[in-house]
Amino acid sequence: MRVAHKEFVMIRLNDIVDQVLAYHPEADVSLIEKAYVYSAKAHAGQVRLSGEPYLMHPLEVAGILAKMKLDVFSIASALLHDTLEDTETNLGDLNRLFGDEVSQIVDGVTKIGRFEFGSFEERQAENMRKMILAMASDIRVILIKLADRLHNMRTLDFQATEKQRLIAQETLDIYAPLAGRLGIDWIRTELQDLAFSYLDPDMYEEVVGGLRRNEEERERYIKEVKGIIQEKLADFGLKGKVNGRPKNIFSINKKMVTQNLDLEHIYDIIAFRIILETIRECYEALGVVHSLWKPIPGRFKDYIGMPKANMYQSLHTTVIGPYGERVEIQIRTENMHRIANEGIAAHWVYKEGKSVPESDSKRFAWLRQLLEWQQDLQDPREFLETVRVDLFPDDVYVFTPNGDVKPFPRGSTPIDFAYSIHTEVGHHCTGAKVNGKLVPLKYELRNGDIIEIITSAKHVPSKDWLKTVKTSRARTRIRHWIKTEERQRSIVLGRDICEREFRKHGLNFTKYLHSDELLQVTKAFSLQKVDDLLASIGYGKISALQAIGKFTSLLEPEEKPDEALVERAERRERPRQPGGVLVKGLDDIMVRFAKCCNPLPGDQIAGYITRGRGVSVHREECTSLLSSGFERRIEVDWDHEAEEVHPVGLIVICANVKGMLAAISGTLSNHDINILQANVRTRVDNRAECKFVVEVRDITHLQSTMAAVRKIKDVIDVQRSSVLDVE
Ligand code: MN
């Protein structure tokens, strides 16, 4: 015998309509009638496992919602809740016939219904419950889902045994706690008891049998305690209703298991309630109870002063009763009692024929609190992340291929998902499949997606990922990878630079890599490891010359480099020159620009091999080049890919009037020219000579600028100069 079955009675539409009109006389019940007619047509010919017409199910669900005193939209939606999934009806039809509100509620119920939850570990179940809440844009979706589950549980007998266990477990894991979280106590307890009866029928029968056996004794005890309380309340002029009854079967069993009790301890399974009119009376009644029986320290809870997240309010206390037994007593007002039973549903109830709409913000604030349930996070960073997310309750919940549920902030991508699995999975992720289909890595995760990550050992993170990821976990891991990677590259580069510079000094860097001297140099820069030194050189924070200077001062005299060797090495080692000149046949020779003619890119040039100072580059028409020997000439050319600026002298002769310098420098800067030096001198002929050293890209850049300067009023002449000093 299942106690809940006594509530299972056939229901007719008229019963529902009458109930609605009873709590809301002005309700427009035509919407309910229309939904009923439509549902009857859509489900025509369908039969439940019990043999009843299918329509019975939506009718019963609607009846449960009417019992919860919900609005006409909820009840119409309940009548239609299985039409999208099980009939030809589509969302457009519902929208056209019943409007946005109803069609969206039905759509929400259908979406949640598509998930097979099965049984879960506690943490998974928690995520599951959160997912259901997050998916339901409207709390009425969840209320209908709970009513749907309740009716399915009441009629579970007709399912196969295996299916019964699965559905019962899921009810216990997901739906009963959900009802509890929403504060709908009567649904929670009924779901628990029904599920328990299928999951452990023997224990269930034992508890029920025990309750039946000691019923008489229990009733006598309840009557006695009630009498004492009522009498005492009356002494203090308080009018309150007192009742006492056993907890639900599931809770009794849990208590028996966890506290190792047997059913003969009847006192422990009874909860007494005192219901009064005002909050003030509640506290007065508490005083009365405490004056009557000794309270057990630590058992008093003031949920009136500090309501639970689901708005539950009551005073709880446990006292030592007339037989030295523990007596649990809850004290609350009528209104609190209603909320304790109906939870959030109480807020959808009609009052005095008028609906009381909660403002959206208030409703969501409430949901938000729900989402902040028990956080068991070890990592403080992860905690911050969670807090941040909860400010925007827009989480999405997705599945791993194994069916685990994971929560993510809205906007998260497969990369976030990959990093949540493992850092290495994140680093090597190249793509993802969502519900079996390939998606790009920037795909935004959606509730209920099943995500599968594709990896490749060769693939590495990209800086761009930082722009798309939403979780701090992914962001931290990517940043860390990039930093490590950059450091690795800097070490390689730093080592390269050192090898070259050391060789110039006739030293073999590799030989010294693990030497004490190099470690001393490292410490001299306040660094720990030689790798740190190499990285710093690679980053350019420390120059190789600084390092060599410190290093050679530590060497024994015989180890010091030979200067001649340095010279030779330098000649051999210099890579492509910063001046941007290519020397035929030699790509690592030292090149410098001859001071006599200071060539610019675009000038015709020639090279001259000097003694021990590499190649000097002259303009072809340079007189000093022409006067030196041909045998040392070498062909050189501009490196057209080099993008560098070169210094060049400019001499401007102009009339000695005010503002000339400003006019000239304005023109120069208009031509994107940087002035390195400037000097103005008045000549005896009342003219001014302005000397500049400026930077230009090449000869064309110089010529066009000179032409522009020439056009300035009062400018008489402009000349190029190879003298790079204005003094
Ligand atoms: Mn259903």
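The values are calculated or read from the model by the stated rules, or taken from the named source; none is laboratory data. None of these values were measured; they are calculated from a predicted model. Neighbour counts are summed over all protein chains in view; Cβ atoms, including those assigned to glycine, are modelled from backbone coordinates with ideal geometry. Calculation scope for accessible area: heavy atoms of the full protein, side chains included, ligands and nucleic acids excluded. Shrake-Rupley method; radii C 1.70, N 1.55, O 1.52, S 1.80 Å.
The accessible-area ordering, largest first, of the residues Asp464, Asp639 stands as Asp464, Asp639, per a 1.4 angstrom probe.
Here the accessible area is traced with a 1.4 Å probe on the protein chains. For segment 34-118, carbon and sulfur cover 51 percent of it. Fraction of C-alpha pairs exceeding 20 angstrom in segment 430-531: 59 percent, rounded to a whole number. Just the protein heavy atoms count here, and of the accessible area of segment 176-225 at 1.4 Å, carbon and sulfur take up 45 percent.
Give the peptides 687-694, 320-327, 172-179 in descending order of average Cβ contacts within 10 Å, highest first. Numbers along the way, then the final one.
On the way: 687-694: 19.5, 320-327: 14.2, 172-179: 23.9.
So the peptides 687-694, 320-327, 172-179, ranked by packing, come out 172-179, 687-694, 320-327.
The calculated FRET efficiency for Ile651 paired with Ile609, based on their beta-carbon distance and R0 = 45 Å, is about 0.90. Taking a ≥ b ≥ c as the square roots of the eigenvalues of the Cα gyration tensor, an a/c ratio of 1.5 or more together with a/b larger than b/c marks segment 218-272 as prolate. Add +1 for every Lys or Arg and -1 for every Asp or Glu among the other residues with Cβ under 12 Å from the Cβ of Lys433, and state the total. Summing Lys and Arg as +1 and Asp and Glu as -1 gives -1. Is the shape of segment 204-243 rounded, prolate or oblate, going by the alpha carbon gyration tensor and its root eigenvalues a ≥ b ≥ c, with a/c under 1.5 for rounded and a/b larger than b/c for prolate? In terms of gyration-tensor shape, prolate. According to the square roots a ≥ b ≥ c of the eigenvalues of the Cα gyration tensor, what is the shape class of segment 408-448, taking rounded for a/c under 1.5, prolate for a/b larger than b/c otherwise, and oblate for the remainder? Because a/c hits 1.5 or more and a/b fails to exceed b/c, segment 408-448 counts as oblate.
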